[in-house]
Amino acid sequence: MRTELHRQPTSPLTAVRNLGILAHVDAGKTTVTERILYLTGAVHKRGEVHDGTTVTDYDSQERDRGITIFAAAVSCTWDGHRINLIDTPGHVDFSDEVERSLRVLDGAIAVFDAVAGVEPQSESVWRQADRHGVPRIAFVNKLDRAGADLDAAVASIRDRLHTVPLAVQLPIGSEDGFTGVVDLLRMRALVWADGRDTYEEGQVPDGLREEARRRRRLLEETVAELHPAALEEFCAESSVSERTLTAALRDLTRTGEAVVVLCGSAYRNRGIEPLLEAAVAFLPSPLDVPPVRGTLDGAVQERAADPAAPLAALVFKVNSTDTGRLAFLRVYSGTIRKGDTVLDAGTRRHERIGRILRVQAGRHSDVDTAVAGDIVAVIGLKAARTGATLCAPAAPLVLEPPTSADPVVSVAVEARRSTDTERLVTALARLVEEDPSLRVRTDPETGQTVLSGMGELHLEVAVERIRRAHELEIGVGRPQVAYRETVARGVSGLVYRHVKQDGGAGQFAHVVLDAEPLEAGDDLGANNGGDAGFVFRSTVVGGRVPQEYVRAVEAGCRDALAEGPLGGHPVTGLRVTLTDGATHSKDSSEMAFRTAGRFALREALRASAMVLLEPVAEVTVTVPDDAVGGVLGDLAARRGRVSGSTTRAGTAVITATVPLAELFGYATRLRSRTQGRGTFTSRPTGYAPAPKPVSPGTPAR
Ligand SMILES: Nc1nc2c(ncn2[C@@H]2O[C@H](COP(=O)(O)OP(=O)(O)OP(=O)(O)O)[C@@H](O)[C@H]2O)c(=O)[nH]1
Ligand SMILES: [Mg+2]
């Protein structure tokens with residue numbers, strides 16, 4: 001990697017765009033990113049995913065597999081704007097990368113395949129972006145493909161994403177003959193001549209004039225319905241000017257009331273320039289988004305995107321490369337300088353900023369400072385992990401770290417040579433620091449090292465990374481799903497006394513509790529883990545158990561949730577009520593109550609009727625319609641429940657809910673059943689009761 005030392009021009013914040021590219025797998029995110037880099041002059045040769053020559057699919061596995069695995073940030077400049085782009089992976093196993101990226105983005109380009117329209121993972125990332133309040137514009141890609149249909153794609157955006165799509169372009173030609181677009185805002189034709197990278201602007205072709213007028217009118221009407229200024233103009237003049245439309249589209253994009261839709265073919269380099277123009281015009285700058293919030297000793301604080309404010313920056317990615325340990329930061333407030341000492345607010349460790357890098361295509365250039373609103377990489381951080389907040393030591397603040405889903409699949413890993421065991425353990429620990437959706441633990445019964453993650457592919461990629469980076473030979477066990485346990489019928493009035501009063505400092509805690517299933521309609525916690533699956537409350541009256549001991553009992557119960565009675569799996573879907581208790585004037589303590597809480601709940605669960613749960617996924621299988629019978633039979637054999645099936649132009653799309661445990665190896669099976677013509681995607685949707693055969697034996701009583 002070449003490094004150049006030069007000062008970057010400091011661009012005012014209004015000219016900065018932090019943008020993500022989001023979509024279902026294979027929609028063309030990396031190709032769009034590559035074309036943007038080419039167009040902005042950041043690269044001089046167009047890279048291709050299938051040749052393994054793109055900038056953002058930089059990792060050897062990404063290049064070998066032809067998919068994006070790691071979100072990659074690159075900067076480029078265009079028309080006086082600095083654009084920090086994050087190309088994200090589309091495969092569901094890497095959704096955590098998308099989640100972390102969304103956390104630091106101000107806007108996004110959602111890419112859709114013009115043949116497939118809105119696909120399952122595009123729907124998931126759209127919801128993720130909704131949760132983060134990230135404004136979006138849409139790009140319907142692959143208009144050159146046979147069967148491409150902009151109108152159908154726009155309809156699927158309306159129907160499946162429940163938003164108002166505002167198409168601002170009309171394609172000129174279709175499929176192989178797709179040569180350009182009519183810009184409905186300017187009412188001009190933009191045409192890409194063969195072999196040309198930029199468009200030529202001209203009059204709308206005669207044959208399309210009528211249709212272009214009709215669509216422009218429709219656009220004006222729809223915008224007028226949503227935007228007061230446009231409505232006013234529409235009422236007064238019975239039309240809306242380009243200027244008013246543009247301003248209205250900008251507002252509607254930022255509030256998320258509507259989504260501007262553009263189209264093109266990234267592969268053929270058509271439609272990218274207007275996409276960039278739209279991104280700059282409609283998507284927000286760091287100054288247009290609300291100030292970031294963090295906490296300081298429990299109190300919420302806001303920090304504005306002001307270079308003069310105290311520093312607050314979020315580490316959203318850590319990547320160990322041959323250049324060193326590279327940490328990617330979004331600076332939210334203040335200024336970060338080379339050589340600064342900053343505070344990792346979570347761990348309270350001081351860290352030194354060795355170098356600050358602007359990551360550009362294929363090379364990194366050193367800069368001396370980075371200000372609020374910017375995305376840069378730094379070298380020199382020793383311990384800060386993905387999710388850490390870096391702040392001014394004199395003004396600490398903890399930004400909420402990106403959330404991480406609970407892993408659903410595990411494999412046992414071991415070094416083939418026992419002398420390598422320690423290296424493997426160190427390498428795994430490093431990997432977990434970079435990717436918090438991976439977890440490592442030692443199985444207490446077998447002593448095996450167990451790696452858990454979001455899916456088969458996620459784990460396969462993780463193990464392969466260690467193999468390649470450390471030249472280790474690693475043995476990998478069969479994948480296992482992460483089971484949970486839940487309560488079918490609980491117990492009430494369970495009494496537990498934790499008493500040790502045989503001389504010295506005594507311990508006394510007496511608790512009475514009920515353990516019941518969460519009420520119907522309560523979220524079982526499913527994939528997001530944590531608190532959604534557990535509710536604790538106290539109905540103790542008369543101060544018989546002081547508040548701090550109640551909290552200690554709750555903490556003890558949470559300890560007990562880690563291992564259920566059926567097979568030591570985490571317990572979910574449980575409500576515990578502390579109904580009574582007693583204290584001792586000298587011997588009671590938080591510790592005693594925590595212990596009592598833990599043992600009380602453990603006993604209560606042993607006495608309850610428990611059910612084993614397994615993770616299930618929603619699967620979407622796309623196959624030629626002559627293969628439907630075989631696929632349905634196979635899904636049934638995998639305990640799948642089919643929920644829908646549609647056929648269009650000889651292609652069937654089947655959706656089903658299938659236990660994750662039955663999906664291992666399904667990709668290979670589907671390929672061979674359909675001579676390579678079938679594809680599928682899956683998305684973990686939660687937990688369902690597991691049938692007896694996969695239960696790990698009867699519970700020990
Ligand atoms: N026909 C056609 N193919 C395209 C177009 N854009 C991308 N492709 C091809 O589609 C495939 C997937 O493109 P990528 O850019 O890797 O898609 P992606 O969304 O980054 O995929 P993931 O990162 O794996 O989710 C590649 O073979 C591209 O060459 C296009 O406009 N037209
Ligand atoms: Mg990609």
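Here are some notes:
- Some residue of the stretch 141-150 being in contact (Cβ under 8 Å) with a residue 60 or more places away in the chain, among the acidic types (Asp, Glu) and closer than 27 Å to residue 285 by Cα: no
The rows are residues; the columns are (1) outside any helix (DSSP H, G or I); (2) within 16 Å of ligand 2 (Cβ to nearest atom); (3) under 21 Å from residue 79 (Cα atoms); (4) not assigned by TED's automatic domain parsing to the domain that holds residue 16.
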residue	(1), (2), (3), (4)
262	yes, no, yes, no
268	yes, no, no, no
274	no, no, yes, no
278	no, no, yes, no
287	no, no, yes, yes
302	yes, no, no, yes
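- Residue within the stretch 180-190 that is surrounded by 20 or more Cβ atoms within 10 Å (Cβ to Cβ) and within 23 Å of the chain's Cα centre (by Cα) present: no
- Unmet criterion (only one of (1) among the hydroxyl-bearing types (Ser, Thr, Tyr); (2) within 25 Å of residue 158 (Cβ to Cβ); (3) more than 27 Å from the chain's Cα centre (by Cα)) for residue 253: (3)
- Flag if residue 15 is at pLDDT 90 or above, under 28 Å from residue 667 (Cβ atoms), assigned by TED's automatic domain parsing to the domain that holds residue 114 and aliphatic (A, V, I, L, M): no
- Single match in 95, 156, 122 (criterion: over 27 Å from residue 40 (Cβ atoms), of a type in the set (S, T, N, Q) and within 16 Å of ligand 2 (Cβ to nearest atom)): 95
- Within the stretch 281-338, no residue satisfies the criterion of being of a type in the set (Phe, Trp, Tyr) and free of Cβ contacts under 8 Å to residues at least 40 places away in the same chain.
- Filter result for the condition that a residue is crowded, with 23+ Cβ neighbours inside 10 Å and under 21 Å from residue 489 (Cβ atoms), over 600, 596: 600
- Yes/no for residue 72 being within 11 Å of ligand 1 (Cβ to nearest atom) and either farther than 23 Å from residue 117 by Cβ or under 19 Å from the mean Cα position of the chain (by Cα) (or both): yes
- Enumerated strands (runs of 3 or more DSSP E) restricted to the stretch 346-436, each holding at least 1 residues that are polar (S, T, N, Q) and closer than 30 Å to residue 38 by Cβ: 355-360, 363-367, 369-371
- The stretch 560-593 - residue that is more than 32 Å from the chain's Cα centre (by Cα) and free of Cβ contacts under 8 Å to residues at least 60 places away in the same chain and, of those, surrounded by the fewest Cβ atoms within 10 Å (Cβ to Cβ): 585
- Of the residues making up the stretch 19-35, those that are over 25 Å from residue 330 (Cα atoms) and of a type in the set (Asp, Glu) number 1.
- Only listed residue being within 10 Å of ligand 1 (Cβ to nearest atom), surrounded by 24 or more Cβ atoms within 10 Å (Cβ to Cβ) and within 24 Å of residue 313 (Cβ to Cβ), chosen from 87, 57: 87
- Cross-chain or 6+ apart pairs with Cβ under 6 Å, the stretch 39-68 first and not assigned by TED's automatic domain parsing to the domain that holds residue 363 and small (Gly, Ala, Ser), then in a helix (DSSP H, G or I) and within 12 Å of ligand 1 (Cβ to nearest atom): 47/34; 52/63
- Filtering the stretch 304-322 to residues that are part of a strand (DSSP E or B) and among the charged types (D, E, K, R) leaves only 317.
- Residues within the stretch 258-302 that are buried (at least 20 other Cβ atoms within 10 Å of the Cβ) and over 30 Å from residue 200 (Cα atoms), tallied: 3
- Residues that are assigned to a strand (DSSP E or B) and either small (Gly, Ala, Ser) or within 16 Å of ligand 2 (Cβ to nearest atom) (or both), drawn from the stretch 44-87: 72, 73, 74, 75, 85, 86, 87
- Note on the stretch 365-376: residues that are surrounded by 22 or more Cβ atoms within 10 Å (Cβ to Cβ) and not β-branched (Val, Ile, Thr) amount to 4.
- Filter result (farther than 21 Å from residue 681 by Cβ and outside any loop (DSSP other than H, G, I, E, B)) within the stretch 453-479: 463, 464, 465, 466, 467, 468, 469, 470, 474, 475, 476
The values are calculated or read from the model by the stated rules, or taken from the named source; none is laboratory data. The model shown is predicted, which means the values in this text are computed figures rather than measured ones. Positions of Cβ are backbone-derived with ideal geometry, glycine not excepted, and every protein chain shown enters the neighbour counts.
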